[in-house]
Every structure is written in structure tokens, then in C-alpha cells.
Amino acid sequence: MRALVVLALLAVLVLAATAYESHESMESHEYLNPFLNRRRASDFIQSDTRLRGITQERIRERSKAHYEHQRELCEDYYPCEMYAYRHGYPAAYKHYFGGRRRTK
């Protein structure tokens, strides 16, 4: 008789452990509607803003204006930069890099 009570109690415990549905399994509600609408589908994916900033910077480097490239080239060459302080960057670029090539 005692073995029957222990066996029944054990059966109730096993049944309770396997039949219990936790709150975590109920919060997703995927069993009701497994498909998401387009707006909610990408809510959980966060874009990497740092990577986006680097990409935008690379695009801007490729699409700089002509005069901006000239100015950067002149800033890298010290005599051109000193000339630019006095006469301006367009004149300095034209003086050092424009026209025919100078050979020494």
C-alpha cells in the first residue's frame, strides 16, 4: 500500500513537471500567428551606426570636389602651403602642380 502511494505521488510529480507551461513559452505567441508584419520583422535587428558612418566617410572621400583634392595635395607639400597662405590655394596649386611638369 505504501509503495502504491509513493508511486502515485511520483506519477503526479512527473505529470506536473511535463505538463507545466512556463511564462516564457507563452510570451512569444508564435503558436497563434507565426508570421510577422514587415514593420515588426526588423525591430529586433539594430543596425551598426559605426559601420554606417565609416561607409559614408568612404563614399565622401571618393566624391570630393576637384578643388578639395587640389587643396589637400597642396597642404601635404610644405612650400605649396606657405605659398597658399600668401596667395591662396588655387594660385598655389597652379604654381606648384599646374601647367607643364618641371624637371630639375
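We did not get these values from a lab; they are worked out from the coordinates using the rules stated. Just so we're clear, the structure is a prediction, and the values are computed from it rather than from any experiment. Because the Cβ atoms are built from the backbone with ideal geometry, glycine has one as well, and the counts that use them run over all protein chains shown.
Calculate the dipole size of segment 63-103 relative to its Cα centre from +1 charges on Lys and Arg beta carbons and -1 charges on Asp and Glu beta carbons; express the result in debye to the nearest 20. Mind dumping the intermediate values first?
Numbers: 7 positive and 5 negative charges, 63 e Å.
I would put it at about 300 debye.
Across the alpha-carbon set of segment 63-103, the Rg to Rh ratio works out to 0.97, Rh being the Kirkwood radius.
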